[in-house]
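In what follows, a structure is listed as structure tokens, so that the remarks can point back to it.
The values are calculated or read from the model by the stated rules, or taken from the named source; none is laboratory data. What you see is a predicted model, and the numbers here were worked out from it, not measured in a lab. Glycine gets a Cβ as well: all are built from the backbone with ideal geometry, and neighbour counts include every protein chain shown. Quick note on the areas: whole protein, heavy atoms, side chains included, nothing else; ligands and nucleic acids left out. Shrake-Rupley method; radii C 1.70, N 1.55, O 1.52, S 1.80 Å.
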Amino acid sequence: MVDEIDEEDEKYSAEIEKKPIDSFFAKSIRSGWQGVAYLLLQSGFNLMEATRDALNENQFRYVVALMTKISDEEIKKFDYKHQNLFHVFAIKGSRSPYDVTTKIFDGFWQR
């Protein structure tokens with residue numbers, strides 16, 4: 001039992017180490033480069049990762065736009081921290097304006 005837990009911890013730690021600190025999408029929205037963000041999405045950047053990056057960067061209006069494009073399966077997928085978008089929104093969403101929070105919550109609720 002202890003060996004299984006140790007193996008899982010090592011696997012989880014290795015996954016975290018593989019993940020880059022910032023994605024190109026996160027850097028583009030942080031810099032206000034909407035055109036670059038749009039091009040990344042058009043070229044196939046993962047919508048779940050883009051939504052997570054937008055939440056982490058407190059760019060909640062991007063989240064509202066991305067929620068219209070993201071599939072139900074992607075919303076429920078777990079990231080490298082074993083969190084799905086519900087988790088990330090619960091952690092970061094308190095900084096969002098009320099009207100935007102309502103739109104994001106409605107996007108989750110409609111799933």
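Miscellaneous remarks
- In this view, the solvent-accessible surface of residue 33, computed with a 1.4 Å probe and all protein chains in place, comes to about 140 Å².
- Cα gyration tensor shape for region 56-111, rounded if a/c is under 1.5, else prolate or oblate: oblate
- Too-long pairs where the Cα-Cα distance tops 21 Å, listed order kept, from 27/92; 27/76; 69/103: 27/76
- The value of relative contact order for region 54-108, using C-alpha pairs under 8 Å at least six residues apart, is 46 percent.
- Here the extension length gained between residue 102 and residue 71 equals 9.2 nm, from 0.36 nm per residue of separation less the Cα-Cα distance.
- Förster radius 22 Å - calculated FRET efficiency between residue 33 and residue 79 (Cβ-Cβ, nearest 0.05): 0.45
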